[in-house]
Each structure stands twice: as structure tokens, then as C-alpha cells.
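Colleague: Please see the structure below; I have some questions.
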Amino acid sequence: MVDSGVYGKSSVIKHNYWYQGEQTGNQIAEEITKQYGWDFFNRDNTLFDGYSTDYHGTYIANEIERVNKNALIMSCKFKSGTEGDASDACDAIDFAL
């Protein structure tokens, strides 16, 4: 999903988050190495900065899950609130592909 951030701990999304990570057989270590997407706006892996700036991405992710319970959500954040630029959106799309 290329949008603002996603609150991945919501009851709907937390079980259907796409991730890449290292499988070690150690559940705690695996949780630490999981990457659920990327924040191209801030250039880090914090996919949710707060409801006031990331409400839209969270809303859309919940709607996707409502329509398709088997969908996996990959958060590719390129904007915060109403701020963001096209080059970050292009980077997010490249990452998703």
C-alpha cells in the first residue's frame, strides 16, 4: 500500500501484515528482524508516526482487510499528512515491486 503510514497494531491489520525478515526459529529474534515495509518520507522503518498524520493509510489498510480477509498489507509510506512528493512515491512503488 503506497500511502501515509499504517498503524500495524490494530486488531484487524496486525495479523495480516506482510513482512520480510530472517527466520531463526527464535520467535523473539524473528519479531525484531521483521520489516513490514518502509517509510520513504522519513527514510526509516517507523511506519506510523501518529494518527494525525497517518490516519489515511491506516483507514485504507483496514478497508482492504475488510474487503479481503486474506490480503497482506505492505506499508510503503511516502507521505505524512498532506506532505509528500512524487519521487518518494516512485521509490515506494519500486520497493513494493
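The values are calculated or read from the model by the stated rules, or taken from the named source; none is laboratory data. Just so you know, these numbers come straight off a predicted model, no measurement behind them. Every residue, glycine as well, gets a Cβ built from its backbone with ideal geometry; the counts of neighbours run over all protein chains shown. The area values use the complete protein model at the heavy-atom level, side chains included, leaving out ligands, DNA and RNA. Shrake-Rupley method; radii C 1.70, N 1.55, O 1.52, S 1.80 Å.
Colleague: Within the range 32-57, take every residue that is part of a loop (DSSP other than H, G, I, E, B) and either at pLDDT below 90 or among the small types (Gly, Ala, Ser) (or both) and give me the one that is farthest from Asp94 (Cα to Cα).
Modeller: First, pick out the residues of the range 32-57 that are part of a loop (DSSP other than H, G, I, E, B): 34, 36, 40-43, 45-50.
Now drop any that are not either at pLDDT below 90 or among the small types (Gly, Ala, Ser) (or both), which leaves 34, 36, 45-47, 50.
Numbers: Lys34: 19, Tyr36: 15, Asn45: 16, Thr46: 19, Leu47: 17, Gly50: 25 Å.
The selected residue is Gly50.
Colleague: Return the only residue of Phe48, Phe78 being open to solvent by less than 70 Å² (accessible area, probe 1.4 Å), without any contact (Cβ under 8 Å) to a residue 60 or more places away in the chain and touching a helix residue (DSSP H, G or I) at 6+ places or on another chain (Cβ under 9 Å). Full working, then the answer.
Modeller: On the way: Phe78 fails: without any contact (Cβ under 8 Å) to a residue 60 or more places away in the chain.
Among Phe48, Phe78, only Phe48 is open to solvent by less than 70 Å² (accessible area, probe 1.4 Å), without any contact (Cβ under 8 Å) to a residue 60 or more places away in the chain and touching a helix residue (DSSP H, G or I) at 6+ places or on another chain (Cβ under 9 Å).
Colleague: Run down Ile60, Ile93, Ile64 and say which single residue is open to solvent by 70 Å² or more (accessible area, probe 1.4 Å), part of a helix (DSSP H, G or I) and not aromatic (Phe, Trp, Tyr). Break it down into steps so the answer makes sense when it comes.
Modeller: Details: Ile60 fails: open to solvent by 70 Å² or more (accessible area, probe 1.4 Å); Ile64 fails: open to solvent by 70 Å² or more (accessible area, probe 1.4 Å).
The match here is Ile93.
Colleague: Do you know which residues across the range 81-90 are in a helix (DSSP H, G or I) and either touching a helix residue (DSSP H, G or I) at 6+ places or on another chain (Cβ under 9 Å) or free of Cβ contacts under 8 Å to residues at least 12 places away in the same chain (or both)?
Modeller: Answer for the range 81-90, where residues must be in a helix (DSSP H, G or I) and either touching a helix residue (DSSP H, G or I) at 6+ places or on another chain (Cβ under 9 Å) or free of Cβ contacts under 8 Å to residues at least 12 places away in the same chain (or both): Ala86, Ser87, Cys90.
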